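The values are calculated or read from the model by the stated rules, or taken from the named source; none is laboratory data. Remember, it's a predicted structure, so these values are computed and weren't measured experimentally. Every residue, glycine as well, gets a Cβ built from its backbone with ideal geometry; the counts of neighbours run over all protein chains shown. Keep in mind that these areas ignore ligands, DNA and RNA; they rest on the heavy atoms of the full protein, side chains included. Shrake-Rupley method; radii C 1.70, N 1.55, O 1.52, S 1.80 Å.
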Amino acid sequence: ILDVHIAPYYSQGWQQRGAIIVLHDITAIRRLEKMRSEFVANVSHELKTPITSVKGFAETLLSGDVPDETTAKQFLQIIYDESERLNRLITDLLELSKIEKQAMPLKITEVNVNEIIHNSTQTISKFARDKNITLHMPDDSAGPVHVEADKDRLGQIVLNLVANAVNYTSDNGEIFINVEERTSKVVISVRDTGMGIPEESLDRLFERFYRVDKARSRHSGGTGLGLAIVKHLVESHDGKIFVKSVEGVGSTFTVELPKTQG
Ligand code: ADP
């Protein structure tokens, strides 16, 4: 997009000798404006969906038209679940905005990647067991793998990736977490035998609110912000994140972190 200004050009006296054309490329500004307004529209939509549901079920309960106690309980459960979703959404949004504003300085120390993976997957392993998914932990027989990172943030990266792997893998599947130490970097990968991601979605996966299947993601309680947060956190460590996936076969998310920061 070009912003065009044309002004007459006079050399000596009053006689016009030509024109000056100033072309200003405002593509980046427009793109930013568009992204911002899309984001606001997305947030509003994401907040409205659970609120509509909470309001509707609460109204029905208040009207006294509920046939029996079991149904009433089901409605209350929906209200509870949707409130939880709202809570998660707001927490994720605040988190993302803090990371983007760089209002959350990293607390860099030397950490053992294997230990972080063990700690951060503890809560998830229960959900994996419920789905009879086998969680293969990294082989730590070679001893600790050190990297300079923010312990909590790195835990959050791992947790998000493994939570997604559990969410998007059906019962009896497998998840493999691997750690590889190279000369100047550490490579962490999370591979699952889940539903996979269509090729045309791979480029957009790390965008805020992007989901391959909106219905399924909502059903699993997803906010659509997890991978956007992960990407920001990885990049704030000067790292990189990649995804490879084959639909119906599975996905691999790979995080590369430099061993030393700064
Ligand atoms: P969500 O809260 O919806 O899980 P994310 O940002 O974490 O949001 O992920 C974005 C989308 O990427 C998901 O909705 C899902 O469609 C897809 N996705 C993420 N991880 C996986 C995975 N391991 N296997 C298949 N699809 C995935």
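Calculate, axis by axis, the spread of Cα positions in the stretch 149-229 along the three principal axes, and write the results as whole Å, longest axis first.
Rounded to whole Å, the extents work out to 42, 29, 25 Å.
With the dipole of the chain worked out from charges on the C-beta (+1 for Lys and Arg, -1 for Asp and Glu) around the Cα centre, which of 246, 64, 10 lies farthest toward the positive end?
Going by the charge dipole, the pick is 10.
What does the highest-first list of 131-138, 165-172 look like by mean Cβ count within 10 Å?
On the way: 131-138: 14.9, 165-172: 17.8.
Order by mean packing, descending: 165-172, 131-138.
Trypsin sites (Lys or Arg not before Pro) within the stretch 1-105: which are DSSP loop residues with at most 13 other Cβ atoms inside 10 Å? Walk me through the intermediate numbers first.
Values: sites: 17, 30, 31, 34, 36, 48, 55, 73, 85, 88, 98, 101; in loops: 101.
Here the sparse-neighbourhood loop sites are 101.
Tell me the relative contact order for the stretch 9-80 as a rounded percent, counting alpha carbon contacts under 8 Å between residues six or more apart. Write down the numbers at each step before the final one.
Numbers: 23 pairs, mean separation 13.9, N = 72.
Relative contact order, the stretch 9-80: 19 percent.
List the chymotrypsin sites (Phe, Trp or Tyr not before Pro) in the stretch 1-53 that DSSP assigns to loop (not H, G, I, E or B) and whose Cβ has at most 11 other Cβ atoms within 10 Å. Which are they? Write out the running numbers ahead of the final one.
Numbers: sites: 9, 10, 14, 39; in loops: 14.
Here the chymotrypsin sites (Phe, Trp or Tyr not before Pro) that fit, given the DSSP loop and packing criteria, are 14.
Is the shape of the stretch 162-208 best called rounded, prolate or oblate, per the rule: a/c under 1.5 gives rounded, else a/b larger than b/c gives prolate, else oblate, with a ≥ b ≥ c the square roots of the Cα gyration tensor eigenvalues? Mind dumping the intermediate values first?
Numbers: a/c = 2.60, a/b = 1.29, b/c = 2.02.
Note, shape of the stretch 162-208 comes out oblate.
Taking K and R as +1 and D and E as -1, what net charge do the other residues with C-beta under 14 Å from the C-beta of residue 108 add up to?
-1
Where the accessible area of the chain is counted over protein heavy atoms with a 1.4 Å probe, how much of it, in %, is carbon and sulfur?
Percent of accessible area from carbon and sulfur atoms in the chain: 53.
Could you derive backbone 3J(HN,Hα) for the stretch 133-139 from the dihedral phi with the Karplus parameters 6.51, -1.76 and 1.60 (θ = phi - 60°), listing whole Hz in sequence and x where the residue is Gly or Pro?
Working through the residues one at a time gives 8, 8, 9, 8, 7, x, 6 Hz.
Counting only heavy atoms of protein chains, what accessible area per residue, in Å², does the stretch 84-146 have with a probe of 1.4 Å? Intermediate results must be reported in sequence, preceding the final value.
Working: 3980 Å² over 63 residues.
About 63 Å² of surface per residue is accessible.
Going by accessible area, probe 1.4 Å, with all protein chains left in place, what is the ranking of 231, 107, largest first?
Values: 231 65, 107 145 Å².
Sorted descending by solvent-accessible area, the residues read 107, 231.
Okay, helix-only estimate at 222 nm for the chain: each DSSP H run of n ≥ 4 adds -39500 (n - 2.57), divide by all residues, round to 500 deg cm²/dmol; what do you get?
Numbers: 7 runs with 120 residues, N = 262.
Computed mean residue ellipticity for the chain: -15500 deg cm²/dmol.
Mind checking which lysines have their Cα closer than 26 Å to the Cα of residue 55? Skip sequence neighbours fewer than 8 apart in that chain.
Qualifying lysines at Cα under 26 Å: 73, 214.
Is any helix in the chain, taking whole DSSP H runs, at least 20 angstrom long along its axis by alpha carbon and on average at least 0.0 on the Kyte-Doolittle scale, and which ones?
151-167
With equal scatterers on the alpha carbons only and no solvent term, can you work out the Debye log10 of I(q)/I(0) for the stretch 7-144 at 0.09, 0.11, 0.13 1/Å?
Taken in order of the listed q values, log10 I(q)/I(0) reads -0.65, -0.82, -0.98.
Could you tell me the extents of the chain's C-alpha atoms along the three principal axes, largest first, rounded to whole Å?
That gives 89, 65, 36 Å along the principal axes, largest extent first.
What whole number of Å gives the distance from the Cα centroid of the stretch 223-262 to the Cα centroid of the stretch 70-85?
34
Keeping all protein chains in position, work out how much accessible area residue 181 exposes to a 1.4 Å probe, and write it in Å² to the nearest 10.
Counting only protein heavy atoms, residue 181 exposes about 100 Å² to solvent.
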